[in-house]
Every structure is written in C-alpha cells, then in structure tokens.
1. Identify, by number, the condition in (1) in contact with a strand residue (DSSP E or B) (Cβ under 8 Å, 6 or more places away or on another chain); (2) assigned to a helix (DSSP H, G or I); (3) outside the structural domain of G132 (by TED's automatic domain parsing) that D53 doesn't meet.
2. Of the numbered conditions (1) within 28 Å of K27 (Cα to Cα); (2) surrounded by fewer than 16 Cβ atoms within 10 Å (Cβ to Cβ); (3) of a type in the set (A, V, I, L, M), V55 satisfies every one except a single condition; which is it?
3. Can you tell me which residue is surrounded by the fewest Cβ atoms within 10 Å (Cβ to Cβ) among those in segment 59-98 that are assigned to a loop (DSSP other than H, G, I, E, B) and within 17 Å of the chain's Cα centre (by Cα)?
4. Hey, could you check segment 108-128 for residues that are charged (D, E, K, R) and in a helix (DSSP H, G or I) and say which is farthest from N63 (Cα to Cα)?
5. Yes or no: segment 222-229 includes at least one residue that is in contact with an Asp or Glu (Cβ under 7 Å, 6 or more places away or on another chain), under 24 Å from W106 (Cα atoms) and modelled with pLDDT under 95.
6. Taking the conditions exactly as written (hydrophobic (A, V, I, L, M, F, W, C) and either assigned by TED's automatic domain parsing to the domain that holds V100 or in a helix (DSSP H, G or I) (or both)), does A220 satisfy them or not?
7. Restricting to segment 9-66, what's the tally of residues that are out of contact with any helix residue (DSSP H, G or I) (no Cβ under 8 Å at 6 or more places or on another chain) and closer than 30 Å to K112 by Cα?
Amino acid sequence: MAPIRAVLLDLDDTLCDSEGLTPIRLKAVHKAMADSVDPTLLSEVMNEALNWDSVGVPGRFLNRMSRLAERLGLDDKTTQFMRNVYNKVLMDNLTLYDGVDETLAWLEARFKLGLITNGPTDLQRGKIDVLGLENRFGCIAIGGEVGAHKPDPKIFQHCLDGLDVEAAECIYIGDRTEADVVGARNMGIVAIRIRKSYPFPMDDEPAPDYFLDSVNELPALMVSEGWAAPGNG
C-alpha cells in the first residue's frame with residue numbers, strides 16, 4: 001500500500017451534527033407553516049418527516065424537504081419559504097462535534113486535508129463558514145460547485161487533483177454507504193464509515209474497509225495502521 005498523504009472527509013454528520021438538529025428544524029417549519037396548511041395534515045406529515053432520510057437517492061426516494069413539499073402540496077414559492085426556515089435553524093445551531101477541532105489539528109499537522117460534501121453551493125458554503133472550516137482544507141469539493149455529487153467519481157477526482165495526490169495515497173471517512181463508502185471504494189480510496197443510528201434505514205453493503213464510532217477515533221486508527229507516527233504535535 002502506498003504511503004498515506006491525504007485524508008478526505010465528509011462534512012454533514014461526520015464533522016457536525018446536521019441530522020441531530022432535525023427535530024428543532026421541523027418544529028420551526030411546523031410553526032411557520034401553521035397558517036398555510038391544514039393543521040391536521042401538517043401535524044401528520046411533520047411527525048412522519050422525523051423518520052425520513054434528509055438525503056434523497058435518485059430513483060429510490062426524494063430528500064426530506066422535497067417529500068414534505070410533495071406531501072403538503074406546496075407551490076414553489078411556499079416550498080422555498082419552508083426551506084429557508086428549515087435551513088436558518090440549521091445555521092443558527094450548527095457546531096462541530098466535540099473534539100473535532102483537535103482532531104483536525106492533529107490531521108493537518110501530518111496530512112493534506114480535503115473536504116467532499118454533497119449539496120447546493122450556498123447551503124454547504126454557509127455551513128463551512130459557520131463552522132470556521134474554510135482554511136482547514138487544501139481542497140473543498142462541493143457537489144453544487146463541481147457539478148457532480150458523491151458517489152460520482154468526478155467529485156472525488158476534483159479533490160484529488162486539488163490536493164495533487166493519487167487515490168491510493170488517500171483515506172476517506174464519511175457516515176453513509178451510498179455516497180461515501182461506494183464513492184471512495186470505486187475510486188480505490190480506503191473507505192472508513194462512521195457508525196450512525198438514524199430513524200431511517202441505512203444500507204450496510206458494501207462494507208467499508210473500517211468502521212469507527214467517531215471521526216475523533218481516526219488518529220488512533222492511523223497510528224495503529226502505520227499511516228502516521230504517534231504524538232500530539
């Protein structure tokens with residue numbers, strides 16, 4: 001195996017708890033939409049939405065906001081209003097998981113770092129700004145900017161090119177099988193998946209090369225695998 005020169009990371013639910021904020025985001029939407037939608041239908045759909053995946057899978061199901069708009073029969077203007085409320089609560093409350101700042105400091109002292117995240121440019125750039133991550137990565141690849149979303153090889157290649165590394169010189173860590181594990185393994189990148197407990201089903205196959213419970217366990221794994229020397233510096 002080639003020496004590891006770069007660590008590539010997912011953003012949402014890897015570095016920050018986006019999904020964990022879903023209940024308060026939906027509560028805000030419920031309140032904001034109370035005068036626009038039948039209250040019985042609104043309550044029913046909001047309760048269902050807690051168990052919907054926030055991320056859509058083409059050909060299988062829509063993402064949470066698109067499903068809400070469909071179930072509530074919203075027009076484009078009202079849908080955008082709903083999205084704005086939903087996303088404002090996210091931006092007002094989003095923080096890095098405990099310990100992530102220290103983990104990133106450990107990693108950036110030893111490796112090139114890349115961030116690969118799906119989603120629209122304005123939303124993902126907003127998260128990166130709120131979290132103070134802009135200058136922590138040598139390359140930031142956002143689906144909306146690159147024009148391709150994980151697991152598409154193009155977004156991974158964009159990051160490899162930006163860091164001037166080969167796939168065999170990288171590891172990638174994220175929380176989702178469909179986007180993260182499949183995308184990384186198809187590129188020949190070591191795939192690490194963070195175990196998550198969500199109210200919606202998550203595919204377990206294909207299996208990653210490694211499982212971790214938190215990104216903060218990454219330094220210990222890298223030392224144990226001989227990818228990095230121990231130490232705090």
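The values are calculated or read from the model by the stated rules, or taken from the named source; none is laboratory data. Computed from a predicted model, the values in this text were never measured in an experiment. Quick reminder, even Gly has a Cβ in these numbers, built from the backbone with ideal geometry, and neighbours come from all protein chains shown.
1. Result: D53 passes all but (2).
2. All conditions are met except number (2).
3. Applying the filter and picking the extreme gives D98.
4. E108
5. No.
6. In short, yes.
7. 3
Yes or no, residue by residue, for (1) assigned by TED's automatic domain parsing to the domain that holds A32; (2) in contact (Cβ under 8 Å) with a residue 60 or more places away in the chain:
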position: N84; (1), (2): yes, no
position: G99; (1), (2): no, yes
position: F111; (1), (2): no, yes
position: T121; (1), (2): no, no
position: H149; (1), (2): no, no
position: V165; (1), (2): no, yes
position: A179; (1), (2): no, yes
position: A184; (1), (2): no, yes
